[in-house]
Amino acid sequence: MGEQADMRIKLNEDHKNEIVRSLMGYFSSQFDEDISQFRARELVDFMLQQIGPSQYNQAIQDARKFMADKLEDLDTEFFQPEDV
């Protein structure tokens, strides 16, 4: 395979193993084809490379919007009038 770029998106081994097992079961039930653990792991890595960055970026944008909305709420929700 080609050289992989360093990705910020990492899965812990337990979660990755769970996805690999799920993918193996999916191929078996949906396509009546058994794939090895190695191939399933390679597919998981490939999909992370292909769709991971766009999903990561979308999550960052969603979090940024959420935080901006909450910051806007500070004035309306928590503003206390000052006695002058």
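All of the numbers you see were taken from the coordinates with simple rules; none came from a lab. These numbers were taken from a predicted model, which means no experiment stands behind them. Positions of Cβ are backbone-derived with ideal geometry, glycine not excepted, and every protein chain shown enters the neighbour counts.
Compute the angle between helix 13-31 and the longest alpha-carbon principal axis of the chain, please, reported from 0 to 90 degrees and rounded to the nearest 10.
60 degrees
Between Met47 and Gln30, with labels modelled 7 Å along Cα→Cβ, what's the label distance in nm to one decimal, could you check?
Output for this residue pair reads 0.7 nm.
Cut-off 10 angstrom, C-alpha nodes, Gaussian network model of the chain. Which of Gln50, Gln58, Gln30 fluctuates the most?
Gln30
Compute the distribution of all C-alpha to C-alpha distances in the chain, in bins of 5 Å from 0, and list the percent of pairs in each, rounded to whole numbers.
With a bin width of 5 Å, the distribution comes to 3, 11, 14, 15, 13, 10, 7, 6, 6, 5, 4, 3, 2, 1, 1, 0.
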